[in-house]
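What follows is a short report on a single structure.
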Amino acid sequence: MKLIEPLASGIRGAEIGSVVLLRRGTSTNATYYTDFEFQQQYSASPIALDSNGGAVLYVNELVDVIVRDANGVIVREFVAGENATSVEVISQSFTGVDYEDGSSGANKPTTLANILDLWKTSSGTIDFKVLFNGTPTLLQNAFSATFFNVRSYGAVGNGVADDRTAIITAQAAAVAAGGGVVFFPAGTYRITSAITPAGGVTWLGCGGQSTKIAIDSAVASGILVLPGNAAGQLTLFSGLWFGLINGASPGVAIVYNAASSGEFHFTDCVLGIDSTYNSSLVAGFGGTALLSLVFTRCYFKLVGTTAQLITCAGSQRLIVRDCDLINTNVVGVNMVDCQDNGVFEGNRFDWSSATAGPGIKYLNITPSVNGAIFIVGNQFAANASIACIAIYNTMAVPFRDALEYGNMFGNMLASGPGCTPYGYATDGYAPSSGFVAVGGHLTRLARCEGYSTAAGAQNVDPKTYGTTTILKTGGGNLTVVSGGKGSMGDRWTLHIKNTTGAPITVAGTGIIFDPAVAPLPINNNGFAEVQLAWLPDFAGASGGFWYQVGKAVLS
């Protein structure tokens with residue numbers, strides 16, 4: 001409320017006169033009050049003035065004030081009240097300017113007009129509307145045209161009601177609107193059969209621990225069955241948990257088939273964890289190259305099954321980044337199968353709880369001519385009970401391999417029986433008329449193996465380690481036996497120290513030293529260091545050999 005101060009002080013010449021209050025720029029009487037608490041409201045006009053030409057009046061709008069003397073002659077006209085440009089606002093929510101030092105910041109004076117203009121700048125239009133597809137729209141309408149809350153379409157989310165129809169209806173509304181967000185408030189959304197997601201739609205939950213899409217069926221084909229979207233059409237899933245309810249035991253959680261295509265991205269989602277789940281979390285069949293599956297910051301966990309977490313057959317594109325892949329079942333099998341076009345980056349693989357089975361293969365890959373596989377910066381947990389392999393190539397003729405680097409293999413080779421970073425059905429490279437040189441195991445460059453021996457021969461593993469050190473303590477000359485072959489482009493450093501008490505020579509099996517100095521001569525208390533590279537053998541069946549690169553360092 002604003003006091004009309006000139007009237008309160010009294011206007012000279014208007015003693016026992018009158019005043020009229022009109023709404024600014026009109027001939028309509030304004031509403032006025034005789035108290036600041038706006039309890040006494042009047043609209044009578046004119047208003048009598050006292051013997052000082054004054055009156056106590058409050059208004060909550062701009063008014064035109066017309067003051068007359070006792071004879072009805074106008075003695076003054078002015079505008080009173082308040083408008084947005086003259087209302088001062090000091091708030092931690094808005095930036096203003098200090099009157100004294102000119103500094104700018106929160107809790108500094110600004111005006112109501114500036115604050116209201118900020119809304120227009122932010123929303124893009126006037127009248128507290130927002131621009132939606134270029135059209136001024138009420139905020140509630142803009143949200144309802146973008147977010148399709150499954151609760152508004154009949155979903156309950158209590159884990160009891162069947163919410164499948166409501167979810168499908170909300171998704172259909174988003175599709176009809178040209179795309180949008182199907183929103184799931186926190187809750188458990190029970191479905192009794194699989195749902196086919198739509199292209200161009202986002203499924204958004206409140207977090208993997210808060211919003212659960214749970215299937216309650218022993219015969220359903222899965223939770224989601226991926227459709228045949230147009231090439232490049234994107235469907236997003238974020239903040240959701242896909243699992244089971246009431247002890248159901250259906251098939252694969254995320255299913256694709258030969259007709260599936262388009263882009264499907266899962267971010268901050270949880271898959272599995274249920275103790276009764278008895279099948280893979282992501283799997284399918286078919287060879288279409290138009291299907292792309294991307295998982296980012298997701299949590300995969302199987303508890304009561306020997307199934308694989310992810311199976312990607314054919315030439316689909318599979319990207320798994322910054323995810324946790326965990327199986328707590330005691331029986332080991334393959335954790336992830338990938339044939340082509342795979343990217344595994346910054347993930348954590350853990351099946352350390354397995355105590356039985358044929359052994360663990362974390363990444364079981366079968367790359368072919370359709371696309372290489374990249375394995376970068378992952379962590380693989382060792383197993384203290386059974387054999388485990390971090391990266392395994394099942395190809396009988398691995399003429400195309402995976403590119404891997406920067407991976408960590410826990411305490412493999414030290415913890416469990418036969419735990420190794422790499423394994424192959426056929427080691428090295430066999431002859432191939434369609435040879436394509438791709439890849440290499442670059443993580444091995446930062447790994448070193450060491451031996452101390454007095455024997456005449458020493459087996460080494462340059463496939464797993466980039467550097468091998470041998471301390472020869474006795475027994476005369478040495479033969480270095482390379483049991484591990486390599487990939488095209490691999491490099492290996494061999495360092496040998498002689499403390500036998502006499503000069504020795506070093507020969508190799510599966511290794512070709514420089515013929516000019518082979519076998520390598522090493523003095524007592526001397527050393528030899530040799531740089532070697534892997535060369536596939538195209539003509540023979542041996543797969544290849546390590547050969548010396550440059551001159552050896554001898555002493």
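Below are the figures for this structure:
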item: Flag for residue 27 being under 29 Å from residue 85 (Cα atoms) and either in contact with a helix residue (DSSP H, G or I) (Cβ under 8 Å, 6 or more places away or on another chain) or part of a loop (DSSP other than H, G, I, E, B) (or both); result: yes
item: Every pair of residues 6+ apart whose Cβ atoms lie under 7 Å, when the first sits in segment 149-176 and is at pLDDT 95 or above while the second is surrounded by fewer than 17 Cβ atoms within 10 Å (Cβ to Cβ) and charged (D, E, K, R); result: 157/151
item: Count of residues meeting criterion [surrounded by fewer than 18 Cβ atoms within 10 Å (Cβ to Cβ), part of a strand (DSSP E or B) and among the β-branched types (Val, Ile, Thr)] in segment 323-342; result: 1
item: Test: residue in segment 141-162 that is under 24 Å from residue 298 (Cα atoms) and of a type in the set (Lys, Arg); result: no
item: Near pairs, Cβ below 7 angstrom, 6+ apart or cross-chain, from segment 444-465 (assigned by TED's automatic domain parsing to the domain that holds residue 497) to any residue that is among the charged types (D, E, K, R) and in a loop (DSSP other than H, G, I, E, B); result: 449/461; 463/485; 464/447; 465/447
item: Test result for residue 238, modelled with pLDDT of 90 or more and polar (S, T, N, Q); result: yes
item: Residue identified as at pLDDT 85 or above, surrounded by fewer than 22 Cβ atoms within 10 Å (Cβ to Cβ), of a type in the set (Val, Ile, Thr) and under 18 Å from the mean Cα position of the chain (by Cα) among 270, 294, 320, 282; result: 294
item: Residues that are at pLDDT below 90 and out of contact with any Leu (no Cβ under 7 Å at 6 or more places or on another chain), drawn from segment 212-223; result: 216, 217, 218, 219, 220, 221, 222, 223
item: Counted residues, segment 343-361 - those being part of a loop (DSSP other than H, G, I, E, B) and of a type in the set (Val, Ile, Thr); result: 1
item: Residue match in segment 322-344 (condition: touching an Asp or Glu at 6+ places or on another chain (Cβ under 6 Å) and either of a type in the set (Phe, Trp, Tyr) or over 14 Å from residue 301 (Cα atoms) (or both)); result: no
item: Selection from segment 1-26 of residues that are among the charged types (D, E, K, R), over 60 Å from the mean Cα position of the chain (by Cα) and surrounded by 15 or more Cβ atoms within 10 Å (Cβ to Cβ); result: 15
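The values are calculated or read from the model by the stated rules, or taken from the named source; none is laboratory data. As the structure is a prediction and not an experimental result, all values here were calculated from the model. FYI the Cβ positions are ideal-geometry reconstructions off the backbone, even for glycines, and counts take in every protein chain you see.
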